[in-house]
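Undergrad: Got a structure for you, written out below as structure tokens; questions coming shortly.
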Amino acid sequence: MFLLFALTLISGIGWVWANYLEKTNLIPDYGGEYSEALVGAPQFINPILTSVNDVDRDIAALVYSGLTKYDKDGNIAPDLAEDYQVSQDGRIYTFKLRQNIKWHDGKPFTADDVVFTISAITDPEYDSPLRFSWQGVIAEKQDDFTVRLKLANPYAQFLEKTTLGIIPKHIWSETPPRNIILAEANLKPVGTGPYGFIKLNKDKSGKILSMLFAANKEYYGGVPYIGSISLNFFASEKEAINAYKSGDTMGVAKIPSKERKSAEGYGLTIHNLKIPKYFAVFLNPSQSKLLADKDVRQSLSLATNKAEIIEKVFSGNALPADSPIAPWSFAYNQEAKKYEFDLEKAKEVLEKAGWQDKNGDGMREKILSGDKEPTNLEILLATSNEDLPDLMQMGELIKEQWEKIGVKTTLQQYEVEELKQKVIKSRKYDALIFGEVLSQSPDPYVFWHSSQKKDPGLNLAAYENKEVDKTLEDIRTTSDLEKQKQYLYKFQELISEDAPAVFVSFPYYLYGTSKKVRNIETSIISMPAKRFAGIEKWYIESKRVEKINQ
């Protein structure tokens, strides 16, 4: 009788619970604290100074808002501006601002703040690292809630720049420009974003250990569900992951590719975020006359086993690259020439071009025009060493792959700073393994236009093609999206034929969070800080409410 009573009671409770679940919906509730482990430390949490520090950019993404923002799919949407218009000639952008927005300190946000921010960036006195990219832009106030930005020349990708966080004039106008990096407000930021600064914690040496932010109850995008955000700073990725394992944080800003499986094993949900960053081997014909031969460049592309590199270097957490344009981009040209891994075809291309191994040493040679003695097909491949182990391992694999077709490859390894300052700046390399990041609205100009062959330009392949130059200029000045797309298609066709680089991979940005953190919908980001896009909709707490009968 006791067992029968117990079973009846349990089934009754189960029926009541099932009936409750059927008649209610689970919805987000307010509250909870999300904590995250980051590698690095804050310096200048100020949008006009944050271009070189990922931690600063991460924090700025929580605190500040731009005229526009990226949505979860990487598209640009209005933010502080409720609407915008672009003049027919593409030189004037007019933004209508939202009204009744307040800074975290309660002061009203107006057009004066926008004009001050952009004027500060373009003012040499402030020495902003963004000054070059905003050169020629003039900000004008039309009224308290209308701003006009004038460009010296049409620039189709300009709208992406307006995601820049706006800073408060009433705080920063009191600081002399030359003292901006010394201002206390750099570490106690005041913005209009979803989270406001509360406090920071330091150790006895003055090192910042963590920072706390609270939900902005007056956020125009809706009050964030998560009550507070704690960011904790560590010296290495290992320390950051250990902080999660020990229960000190609920998330890790970045998970190394090789740590993914183990991270999932101890409870992290890994978000595969697509980011327009690609790795490639840039071939420099100005340093090596062998690489001026298109047949040699094409054969190197054919001999590169991208699948092997993606599996061994990125543990499968990457997509193969065929061009500088990401395969998920609206501008990706699927029809452009691709170099599928094919050792025999790579050898055949070299044979037809006269590169043969007549002495049987396993390496190819050829008598070049004007020479009497054969020249060995040899390439010096520059990369970084232990500071960026992914690139070092990539270099070792590429060396093995290229030598299978008879190309003697010598790997040159450098410290990262030495590589940048002594090798890349002077273009002293035959071939270089490096990464480049495009914008979400692709603008390959600074990476592939011939005017960018020398430092500070970023044309690492010293590439020169007049038709490509014209196409890149058209991409920048055409505001019609369909025409932009056609120009980008043409750019990919031209560059694929010339093969100035061996495009290898687009690695995912791996972001780890506890399963308790829900409604993270972001899939495409322009930079790591944009993982916080839509953070006001994330939630930890939840509740059940009665369903409304339709």
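We did not get these values from a lab; they are worked out from the coordinates using the rules stated. Bear in mind the structure is a predicted one, so any value in this text is a computation, not a measurement. In this analysis, Cβ positions are derived from the backbone assuming ideal geometry, glycine residues included, and neighbour counts consider all displayed protein chains.
Undergrad: Between 0 and 90 degrees, rounded to the nearest ten: what's the tilt of helix 481-498 against the longest Cα principal axis of the chain?
TA: Roughly 40 degrees, rounded to the nearest 10.
Undergrad: Further question: Grab the alpha carbons of the stretch 351-468, take their convex hull, and tell me the volume per residue in Å³.
TA: 160 Å³
Undergrad: In Å and on Cα atoms, what radius of gyration and Dmax does the chain show?
TA: 27.1, 106
Undergrad: Indicate, rounded to the nearest 5 percent, the antiparallel portion of the DSSP beta bridges found entirely in the chain.
TA: Approximately 75 percent, going by the DSSP bridge assignments.
Undergrad: Moving to a separate point now. What per residue convex hull volume, in Å³, do the alpha-carbon atoms of the stretch 77-219 yield?
TA: 127 Å³
Undergrad: On to the next question. Which three lengths, in whole Å and largest first, does the stretch 279-331 cover when its Cα atoms are put on their principal axes?
TA: 35, 29, 17
Undergrad: If you don't mind, another one. Using the structure shown, list the pairs from LYS337/LYS485; LYS408/LYS453; LYS306/LYS530; LYS199/LYS515 with a Cα-Cα distance above 21 Å, or answer none.
TA: Among LYS337/LYS485; LYS408/LYS453; LYS306/LYS530; LYS199/LYS515, the Cα-Cα distance tops 21 Å for LYS408/LYS453; LYS306/LYS530; LYS199/LYS515.
Undergrad: I've got another one for you. May I ask you to give the average projected area over all directions of the convex hull of the Cα atoms of the stretch 398-550, in nm² rounded to one decimal?
TA: Taking a quarter of the hull surface, the average projection is 16.0 nm².
Undergrad: Could you work out how much longer the chain between LEU7 and LYS245 gets when fully extended? Use 0.36 nm per residue separation minus the Cα distance between them, nm to one decimal.
TA: 81.6 nm
Undergrad: Whole-Hz ³J(HN,Hα) for each residue in the stretch 276-283, computed from phi via Karplus 6.51 cos²θ - 1.76 cosθ + 1.60 with θ = phi - 60°, x for glycine and proline: what do you get?
TA: Karplus-based 3J(HN,Hα) across the stretch 276-283 equals x, 10, 10, 10, 8, 9, 8, 9 Hz.
Undergrad: Please give the FRET efficiency for GLN334 paired with GLU311, using the beta carbon to beta carbon distance and R0 = 25 Å, rounded to the nearest 0.05.
TA: Result of the calculation: an efficiency of 0.60.
Undergrad: Continuing with this model, one more query. On a 0 to 90° scale, report how tilted helix 294-303 is relative to the longest principal axis of the chain, with both axes built from alpha carbons and the result rounded to the nearest 10.
TA: 50 degrees
Undergrad: Shifting gears a bit: Work out how much length LYS352 to SER439 would gain on full extension: take 0.36 nm times their residue separation and subtract the Cα-Cα distance, in nm to one decimal.
TA: Using 0.36 nm per residue and subtracting the Cα-Cα distance, I get 27.4 nm.
Undergrad: For the pair LYS261 and HIS170, what calculated FRET efficiency results from E = 1/(1 + (r/R0)^6), where r is the Cβ-Cβ distance and R0 = 60 Å, to the nearest 0.05?
TA: Once rounded, the FRET efficiency stands at 0.75.
Undergrad: To continue, here is another question. How far apart, in nm, are two points set 7 Å out from the Cα along the Cα-to-Cβ line at ASP54 and at GLU417?
TA: So the two model labels end up 1.9 nm from each other.
Undergrad: Compute the long axis of helix 111-122 from its Cα atoms, compare it with the longest principal axis of the Cα atoms of the chain, and write down the angle in degrees, 0 to 90, nearest 10.
TA: That works out to roughly 30 degrees.
Undergrad: Using a 7 Å offset from Cα along Cα-Cβ at GLN135, what residues in the stretch 432-453 end up with backbone N under 17 Å from the label point?
TA: Correct set: 445-453.
Undergrad: What three numbers, in Å, describe the spread of the alpha carbons of the stretch 171-261 along their principal axes, ordered from the longest?
TA: Computed over the Cα atoms, the extents are 49, 37, 26 Å.
Undergrad: Follow-up. Looking at the square roots a ≥ b ≥ c of the eigenvalues of the Cα gyration tensor of the stretch 106-148, which shape do they give, rounded for a/c under 1.5, prolate if a/b is larger than b/c, or oblate?
TA: It is oblate, given that a/c is not under 1.5 and a/b is not larger than b/c.
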